[in-house]
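The values are calculated or read from the model by the stated rules, or taken from the named source; none is laboratory data. Fair warning: this is a prediction, and the values are worked out from it, not measured in the lab. Here the Cβ positions follow ideal geometry from the backbone for every residue, glycine too, while neighbour counts run over all protein chains shown. Calculation scope for accessible area: heavy atoms of the full protein, side chains included, ligands and nucleic acids excluded. Shrake-Rupley method; radii C 1.70, N 1.55, O 1.52, S 1.80 Å.
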Amino acid sequence: LTGDAAAGERVFRKCQACHDVGAGAMPKSGPVLNGILGRPAANAEDFAYSAAMTSAASTQDLIWTPQTLDAFLTKPKAFIDGTKMTFIGLRKDEDRANVIAYLATFLEE
Ligand code: HEM
C-alpha cells in the first residue's frame, strides 16, 4: 500500500459519523470496518446491508481490495448502484490511498 495511514486517520473523520473501527467498535449507521481489506463485501454479521451491496457480493464476488475500495470510495453510488452509503465520495486520489492505508491497520476483532 502506498498510502499514509497517519494521514488516513484524519481523512477517516469524514467516515466516523457512520463507521467505527478499533477495539470494541460497534456498528453505527454503517458497518464496523475492522478487517475490511481482503474481506468479501457485505460480510459483517451484525449489519443489514442494502440489496445492492448484498447482490454485488454474491453475483460479482466483490472483495474489498485496495483497488475495489478505491473505486467505491471515489463515488459510492456510481460503483454500487443502489448502495445505502449516502456519502458523496473522496475526490482526491491521495485521500483515498491514505484512508485505505489507515483501514488496513485494523484487523478483524
Ligand atoms: C458501507 C467505507 C463513509 C455509511 C461501507 C463499506 C465500506 C465503507 C468499505 C462496505 C462495508 C462492507 O462491505 O462490509 C467508508 C469510508 C468512508 C465512508 C472509508 C469515508 C471515506 C460513510 C458515511 C456514511 C456511510 C459518511 C453515512 C452517511 C455506510 C453504509 C454502508 C457503508 C450505510 C452500507 C452500504 C450498503 O449496504 O449499501 N462504507 N464509508 N459510510 N457505509 Fe461507508
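Take residue 71 and tell me if it is more than 10 Å from the ligand (Cβ to nearest atom), outside any loop (DSSP other than H, G, I, E, B) and either open to solvent by 20 Å² or more (accessible area, probe 1.4 Å) or at positive phi (or both). Full working, then the answer.
Values: more than 10 Å from the ligand (Cβ to nearest atom): yes; outside any loop (DSSP other than H, G, I, E, B): yes; either open to solvent by 20 Å² or more (accessible area, probe 1.4 Å) or at positive phi (or both): yes.
Criteria met by residue 71.
Within the range 84-94, is even one residue within 22 Å of residue 26 (Cβ to Cβ), near the ligand (Cβ under 10 Å from one of its atoms) and free of Cβ contacts under 8 Å to residues at least 40 places away in the same chain? Steps first, please.
First, pick out the residues of the range 84-94 that are within 22 Å of residue 26 (Cβ to Cβ): 84-87.
Next, only the ones that are near the ligand (Cβ under 10 Å from one of its atoms) stay: 84-87.
Restricting the remaining residues to those that are free of Cβ contacts under 8 Å to residues at least 40 places away in the same chain gives 84, 86.
Yes, there is a match, as at least one residue in the range 84-94 is within 22 Å of residue 26 (Cβ to Cβ), near the ligand (Cβ under 10 Å from one of its atoms) and free of Cβ contacts under 8 Å to residues at least 40 places away in the same chain.
The set of residues in the range 4-22 being closer than 20 Å to residue 86 by Cα, open to solvent by less than 30 Å² (accessible area, probe 1.4 Å) and outside any helix (DSSP H, G or I) consists of 15, 19, 21. Scanning the range 40-61 for residues that are more than 8 Å from the ligand (Cβ to nearest atom) and within 22 Å of residue 108 (Cα to Cα), we see that the one that is least open to solvent (accessible area, probe 1.4 Å) is 56.
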